[in-house]
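Encoded as structure tokens, the structure appears first; notes follow it.
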Amino acid sequence: MSKTNKFKIITIALITAVVSVNCDNNDSDSVSEPSINFTGTFVQQDQMARPAINTVFIASGSPKDEFNGTIPSVMGAKYQSVFQSRLMALNPGYTTNALGQTAAQFTGLLATDVLGVSKTKKTTFFDGTNILTGRALADDVIDVELLLIFGGSAGTSNPGLTKDNVNSNDKTFSTTFPYLASAW
């Protein structure tokens, strides 16, 4: 090998070494990308299949935090008596609701805070015929819940307590996905 070739090889090796030492994968020293850490234990923080149910029937603080983290399959057995006690405190005259449910039946249903969905019936929270077969955007969920808590067996008892007087969304829902109304 000639001196010229050795000199070329040494020069290329030195240039490669200098370039390798001075280059890294960081394109900008001033911006650092946050890293996402997926290690650890994650806990469910909220349970809200039926709006306002845990707000009304579970006290704030520790009991609510525990309820929100409870697996739905054990909710009914664990919380039905708490819900029934609260229902009777809210409406001491409760006997049955518009669905014909006793306090124990109704609170057993509510204490398992999941949203059931029927594949064969109209999707609605309650329309007088279909009951808890899902929830459509325009369903007046709070009115239904108030009616079932305070309306009695015919749904006509305590008329001042069976409506929130918010009768519709302030804007028309879209006819295409995601169907929500546009922002103001």
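Sticking with the crude label model, points 7 Å out along Cα→Cβ, report the distance from residue 89 to residue 172 in nm, one decimal please.
4.5
Work out how much length residue 138 to residue 36 would gain on full extension: take 0.36 nm times their residue separation and subtract the Cα-Cα distance, in nm to one decimal.
Between residue 138 and residue 36, full extension yields an extra 33.0 nm.
Tell me, what is the 1.4 Å probe accessible area of residue 179, in Å² to the nearest 10?
100
What is the list of residues in the range 83-113 whose amide nitrogen lies under 20 Å from a point 7 angstrom out from the Cα of residue 66, following Cα to Cβ?
Counting only backbone N, you get 83-89, 107-113.
If only Cα atoms are counted, what is the Rg of the range 36-91, and what is its Dmax, in Å?
Rg, Dmax (Cα atoms, Å): 13.3, 48.
Counting only C-alpha contacts under 8 Å and six or more residues apart, can you give the relative contact order of the range 127-178 as a whole percent? Kindly include the intermediate steps, with their values, before the conclusion.
Working: 30 pairs, mean separation 16.0, N = 52.
RCO, the range 127-178: 31 percent.
Might you tell me the accessible area per residue for the range 51-184, computed with a 1.4 Å probe and given in Å²? Walk me through the numbers before you get to the answer.
On the way: 7730 Å² over 134 residues.
With all protein chains present, the range 51-184 gives 58 Å² per residue.
The values are calculated or read from the model by the stated rules, or taken from the named source; none is laboratory data. This is a predicted model, so every value here is computed, not measured. Every residue, glycine as well, gets a Cβ built from its backbone with ideal geometry; the counts of neighbours run over all protein chains shown. Ligands, DNA and RNA are excluded from the accessible area calculation, which covers all protein heavy atoms including side chains. Shrake-Rupley method; radii C 1.70, N 1.55, O 1.52, S 1.80 Å.
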